[in-house]
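Have a look at the structure below, then the notes.
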Amino acid sequence: MLQLPRWRVILVIIVTVLGFTFALPNLLPPSARAHLPPFLKPMNLGLDLQGGSHLLLEVDTNAMKRQQLDNLAEQMASTLRDANPRILYTGRGVVGDAARVTLVDPSQMQAALRALRVVTQNTTGTAETITLAPGATPGLIEARMTDAGLRQLSRQAAEQSIEVIRRRIDPNGTSEVSIVRQGDQRIVVQAPGVSDPEMLKQRIGQTALMTFNLVRENDSPNGPLAPGAAVAHPYPGVGNETVVVQRRPEFTGEHLRSAHPSTDPQTGQFVLTFSLDGQGTRIFCRVSREHTGHRFAILLDNQVLTAPVINEPICGGSGQISGNFTAQSANDLAIMLNAGALPAPLTVIEQRSVGATLGQAAIQAGSHATLYSSIAVVIFMTLAYGLFGILAILALIVNMAMIIGAMSVGGATLTLPGIAGLVLTIGMAVDANVLIYERMREEQSHGRSAAMSIDAGFNRAMVTIIDTHLTQFLAALILFNFGEGPVKGFAWTLSIGCITSVITATFVTQALIAIWFRFTRPKHLPI
C-alpha cells in the first residue's frame with residue numbers, strides 16, 4: 001500500500017486538477033468568465049434560486065376531437081375494406097361531431113356495425129367512449145365521441161404531452177424543468193433561467209407532426225378545392241411556396257427514428273437529415289416507388305417545409321429535407337422531431353417570467369449551511385484524528401471540487417435541494433475516512449506496526465465503504481428515475497457525491513498518507 005503504483009498517483013493528480021479546473025468558473029465573477037474557454041462554464045441556478053419562465057398550457061380539445069374523428073373515419077373505412085366479405089362504402093368523412101361512412105348496400109348495416117364495433121374499442125380502449133349507430137339516411141353509419149371518451153383522451157393527451165415537452169426543452173434531464181399536469185387537460189411548465197417565455201412557446205407549441213402529402217399540381221391555392229384537397233402554406237422561415245395537397249397523407253412521421261441538422265456537401269446550406277425505422281423504410285420505399293415523377297410535399301403541422309419531385313424510389317431508410325434553414329432553425333426542428341409529436345395541439349393559457357422564489361436569501365442560507373457543516377466537520381476530524389483528520393479535510397476539498405466540476409461539465413442545475421445534497425455528501429465523504437481511521441486504530445491497538453495498520457485500515461474498510469456508497473448510489477438512481485424537479489436535482493447531486501466520495505476517501509487520502517509516511521517513517525501513528 002505504501003508503495004503506490006505510478007498509475008494511481010497519476011490518476012489522483014489528473015482527477016484533482018480536472019476537478020478544480022472545471023469548478024473554477026463558479027468562483028469567478030461574470031467578467032472573468034467571459035475570457036474562459038467555452039468548455040469551462042459555471043453551474044446553472046434553479047428556478048428557486050434565479051427565477052425563470054412559467055407557462056400554463058391547455059390541450060386543445062376541439063382540435064383533438066377533430067383529429068380523433070378524422071382517424072376514426074379512416075379506420076372505419078379501412079375496416080370495411082378488409083371485412084370478409086368486403087363491405088362497400090362511400091361518403092367517408094367527418095360532419096359536425098360525427099365520423100361517417102355510407103354503405104353502398106344498406107342491407108349490410110348489421111354486418112358493418114359488427115365489424116366497426118372492434119374499431120371503436122381499439123380506438124380508446126373501452127366501447128363506452130365511442131357511440132356507433134345508424135344515421136338518419138339509409139346506409140349511413142355515424143360514430144361519435146362521448147363526454148367520458150373526450151375526458152379520457154384529454155387526460156391521455158396531457159400525460160403524453162408532458163414527456164414530449166420534457167424531451168424538447170430538457171433532453172438531458174438535468175435542467176430542473178418542472179412539468180406537471182393540472183386537472184384533466186392543463187400542464188404547468190416552469191423552466192429555470194429561461195427569462196423569455198416566448199422561446200419556450202416556440203419549442204413547445206408546435207405539434208411537430210411530419211407528413212408526406214402528394215401535391216395536386218393542377219389545382220390552384222386561390223381556386224375552388226376538390227374533395228380531399230387542402231391548401232398548405234409555407235412553414236415560417238423555412239418553406240417558400242403555398243401548394244395544394246391531398247388532405248390524406250401518404251406517409252407520416254410516426255416511423256421517424258432520428259433527425260439531426262447537417263449541411264449539404266454540394267450547396268453548403270443547412271438541411272435536416274432524417275432516418276426511418278424498418279417498417280417506415282419499407283412503407284416509404286413503396287410510396288416513393290408508386291409516385292415516382294410526382295411532387296411530394298413534406299409538411300410539418302400542415303405547413304410546407306419543401307415540395308420536391310420524387311426522381312426515383314427512396315429505399316435507403318434516410319432522407320434529406322432542404323429549405324431556408326439556419327443552424328438554429330434546423331437544430332430546433334431536429335429536437336422537436338426527435339422528441340416526438342404532441343398527441344394534440346396545446347394552447348397557452350398563461351405565461352409569465354417569474355422572479356426567484358427564494359433568490360439571494362436561499363443562496364445565502366444554503367451557503368451558510370454548507371459553511372457551518374464544513375466547519376463542524378473540520379473541527380471534529382481535527383480533534384478526533386489530528387494530522388490524519390487534516391488529510392481527510394484536504395481530500396474533502398478535492399471531493400467538493402470534483403462534485404461542482406462534474407455538475408458544471410454536465411450542465412446540471414443547482415437548486416436548494418441540490419445544496420442539501422452537497423451538505424449530505426460532506427458527511428458521507430468523511431464517514432468513509434472515519435471507517436478507515438477507526439480500523440487503523442484497531443489494528444495499531446493490536447500491536448501491529450504503523451505500515452501494517454495503514455495497509456489494513458484501507459484494505460479491510462474498503463468492502464464496507466463500497467457497500468454503503470453503492471446502496472446510497474442505487475437509492476439516488478431510483479430518486480432520479482422516478483422523481484421530478486427538485487427531487488431529481490437532489491438525486492443528481494447525491495449520485496455524483498457517492499462516486500467522488502469513494503474516489504477521494506480511498507485514492508486521494510491514501511496518496512496523501514503514503515506521501516506523509518514516506519517522508520516521516522513514524523513508528524507510531526498519530527491517530
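Taken together, 164, 180, 238 contain a single residue that is in the same structural domain as residue 276 (by TED's automatic domain parsing), of a type outside the set (Gly, Ala, Ser) and either at pLDDT below 80 or more than 19 Å from residue 66 (Cα to Cα) (or both), which is 238. Looking across the range 444-484, the residues that are of a type outside the set (A, V, I, L, M, F, W, C), within 22 Å of residue 421 (Cα to Cα) and either in contact with a Pro (Cβ under 6 Å, 6 or more places away or on another chain) or in a helix (DSSP H, G or I) (or both) come down to 464, 467, 468, 469, 471, 472, 481. For the range 270-282, the condition holds for no residue, the condition being that it is crowded, with 18+ Cβ neighbours inside 10 Å, among the β-branched types (Val, Ile, Thr), out of contact with any helix residue (DSSP H, G or I) (no Cβ under 9 Å at 6 or more places or on another chain) and at pLDDT 85 or above. Only a single criterion out of (1) farther than 30 Å from residue 365 by Cα; (2) modelled with pLDDT of 85 or more is not satisfied by residue 93, namely (2). Go through the range 502-522 and give me each residue that's of a type outside the set (Val, Ile, Thr) and touching a Leu at 6+ places or on another chain (Cβ under 9 Å). Once the filter is applied, which keeps residues that are of a type outside the set (Val, Ile, Thr) and touching a Leu at 6+ places or on another chain (Cβ under 9 Å), the range 502-522 yields 505, 507, 510, 511, 512, 514, 516, 517, 518. Can you tell me which residues in the range 183-196 are within 25 Å of residue 418 (Cα to Cα) and either modelled with pLDDT under 80 or not aliphatic (A, V, I, L, M) (or both)? Scanning the range 183-196 gives 190, 192, 193, 194, 195, 196.
Test residue 259 against the criterion of being surrounded by 18 or more Cβ atoms within 10 Å (Cβ to Cβ), in contact (Cβ under 8 Å) with a residue 40 or more places away in the chain and either assigned by TED's automatic domain parsing to the domain that holds residue 217 or not hydroxyl-bearing (Ser, Thr, Tyr) (or both), and give yes or no. Criteria met by residue 259.
For the range 1-23, a tally of residues being under 20 Å from residue 497 (Cα atoms) and in contact with a helix residue (DSSP H, G or I) (Cβ under 8 Å, 6 or more places away or on another chain) returns 10.
The requirement of being under 27 Å from residue 74 (Cβ atoms), part of a loop (DSSP other than H, G, I, E, B) and at pLDDT 85 or above is fulfilled somewhere in the range 283-291, by at least one residue. Annotation: of all residues in the range 435-446 being in contact (Cβ under 8 Å) with a residue 24 or more places away in the chain and surrounded by fewer than 23 Cβ atoms within 10 Å (Cβ to Cβ), the one that is nearest to residue 396 (Cα to Cα) is 435. Restricting the search to the range 75-110, which residues are farther than 15 Å from residue 145 by Cβ and either in a helix (DSSP H, G or I) or under 36 Å from the mean Cα position of the chain (by Cα) (or both)? The answer is 77, 78, 79, 80, 81, 82, 106, 107, 108, 109, 110. Within this structure, residue 157 passes the test of being assigned to a helix (DSSP H, G or I) and modelled with pLDDT under 85. Quick check: is even one residue across the range 307-330 assigned to a helix (DSSP H, G or I), of a type outside the set (Lys, Arg) and surrounded by 18 or more Cβ atoms within 10 Å (Cβ to Cβ)? Yes, the range 307-330 has at least one match.
The values are calculated or read from the model by the stated rules, or taken from the named source; none is laboratory data. In this text, all values refer to a predicted model and were calculated from it rather than measured experimentally. Glycine also receives a Cβ, built like all others from the backbone with ideal geometry; neighbour counts cover every protein chain displayed.
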